[in-house]
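So the structure is just underneath, and the comments pick up after that.
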Amino acid sequence: MSTFAAREGAPRVVLANVSRWYGNVVAVNDVSFSPGPGVTGLLGPNGAGKSTLLHLIAGLLRPSAGTVTVDGRPPYGDPEVFRRVGLVPEREAIPGFLTGREFVRLNADLQGLPAPAAAVDRALAIVELAGAADRSLATYSKGMRQRAKVAAALVHDPPILVLDEPFNGMDPRQRLHMMDLLGALADAGRTILFSSHILEEVERVAERVLVVVAGRLAASGDFREIRRLMADRPHAFRLRTSDDRSLAAALVARPTVAGVAVEDDRLVVHAADYARFTGDLAGIARDAGVSIFELIPADESLESVFAYLVRR
């Protein structure tokens, strides 16, 4: 038996106090986690360090501090680890003159597979590209090129799959198929990590979520817990009403309200409890004799959510 095989029940991927910097720029700062089999989502805004983390796991980068191991071995520069990991990069560096089949075959040959043609056919069928396999990549849509990259990552049937923004450019049908595929691969016992800056993508696919902001791990857990952290944070609402002053006077004494102000001819309310405030607002306005014409969350950008998680 290969000495590279993972121990029964042991995690395949372990990051311990990992940092990676480029000169004075810190891309990843003291991050530790150990995803097991199943789907783990890396959620965070663009530039948060998600790609760097995936490249560290895939062995394309060496950590500046801390350790990364795949089945007990540092992945950087280790061909044995490369055989265990499939990488779907965000950047497109695929030569347009190759056909889809030739592109996937290239990775099969690099992996030294004993029956590359059969492996290529299988990988293309998995991502539903068999019908377009002999067309040049230059004729593929963005979504098709994404699927070609996934086929190349799967051709050697790796137990660990890392995908960087895999749903970019896919139409709704392609996205649903890819989500189902990741679920099936996870059910077969693979360890899958994928990055996204879109909350709904992670919610649909991932069993566990790691929130990454400015190179640091801001939160981790199952998606229900992350949702609760996001929902329970203070929220700001911008209102247009028939009488801002009367409504402000009615709201300011409420325990669900942290603050009230008027900005740019709009009433801005800072709610301490999102659920209770939105549930009580209509009754408070009715009792005050005030009509509400517009209610808009003022801080619902993904960056504001992440910033709150970092400050906790």
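Observations
- Scanning segment 61-80 for residues that are of a type outside the set (D, E) and either assigned to a helix (DSSP H, G or I) or crowded, with 18+ Cβ neighbours inside 10 Å (or both) gives L61, P63, V68, V70, P75, P79.
- In segment 179-197, the residues that are without any contact (Cβ under 8 Å) to a residue 40 or more places away in the chain and either closer than 20 Å to A148 by Cβ or within 13 Å of the chain's Cα centre (by Cα) (or both): M179, D180, A184, L185
- Boolean, G86 is on the phi > 0 side of the Ramachandran plot, outside any loop (DSSP other than H, G, I, E, B) and modelled with pLDDT of 90 or more: no
- Residues of segment 25-38 that are in contact with a strand residue (DSSP E or B) (Cβ under 8 Å, 6 or more places away or on another chain), surrounded by fewer than 23 Cβ atoms within 10 Å (Cβ to Cβ) and not in a loop (DSSP other than H, G, I, E, B): V26, A27, N29, D30, S32, F33, G38.
- If you go through segment 272-300 and keep only what is in contact with a strand residue (DSSP E or B) (Cβ under 9 Å, 6 or more places away or on another chain), among the small types (G, A, S) and in a loop (DSSP other than H, G, I, E, B), you end up with A272, S291, A298.
- Comparison of A118, A123 shows that the only residue that is surrounded by fewer than 20 Cβ atoms within 10 Å (Cβ to Cβ) and in the same structural domain as V212 (by TED's automatic domain parsing) is A118.
- The set of residues in segment 11-22 that are modelled with pLDDT under 90 and exposed (fewer than 12 other Cβ atoms within 10 Å of the Cβ) is empty.
- Identity of the residue in segment 278-293, touching a residue at least 24 places away in the same chain (Cβ under 8 Å) and out of contact with any Leu (no Cβ under 9 Å at 6 or more places or on another chain), that ends up surrounded by the most Cβ atoms within 10 Å (Cβ to Cβ): D280
- Checking V269 against (1) part of a helix (DSSP H, G or I); (2) at pLDDT 80 or above; (3) touching a helix residue (DSSP H, G or I) at 6+ places or on another chain (Cβ under 8 Å), the condition it does not meet: (1)
- Scanning segment 128-168 for residues that are assigned to a loop (DSSP other than H, G, I, E, B) and within 20 Å of the chain's Cα centre (by Cα), we see that the one that is modelled with the lowest pLDDT is N168.
- With respect to the conditions (1) assigned to a loop (DSSP other than H, G, I, E, B); (2) more than 28 Å from E201 (Cα to Cα), N46 falls short on a single one, namely (2).
- Only one of K149, K142 that is of a type in the set (D, E, K, R), out of contact with any helix residue (DSSP H, G or I) (no Cβ under 8 Å at 6 or more places or on another chain) and either closer than 19 Å to V39 by Cα or not assigned by TED's automatic domain parsing to the domain that holds A206 (or both): K149
- Members of segment 81-104 found to be without any contact (Cβ under 8 Å) to a residue 40 or more places away in the chain and surrounded by 18 or more Cβ atoms within 10 Å (Cβ to Cβ), listed by number: V81, F82, T99, R101
- Note on segment 174-208: among residues that are buried (at least 23 other Cβ atoms within 10 Å of the Cβ) and in contact with a Ser or Thr (Cβ under 9 Å, 6 or more places away or on another chain), the one that is farthest from R84 (Cα to Cα) is V202.
The values are calculated or read from the model by the stated rules, or taken from the named source; none is laboratory data. This structure is a prediction, so every number in the text was calculated from the model and none was measured. Virtual Cβ from ideal backbone geometry, glycine too; neighbours counted across all protein chains shown.
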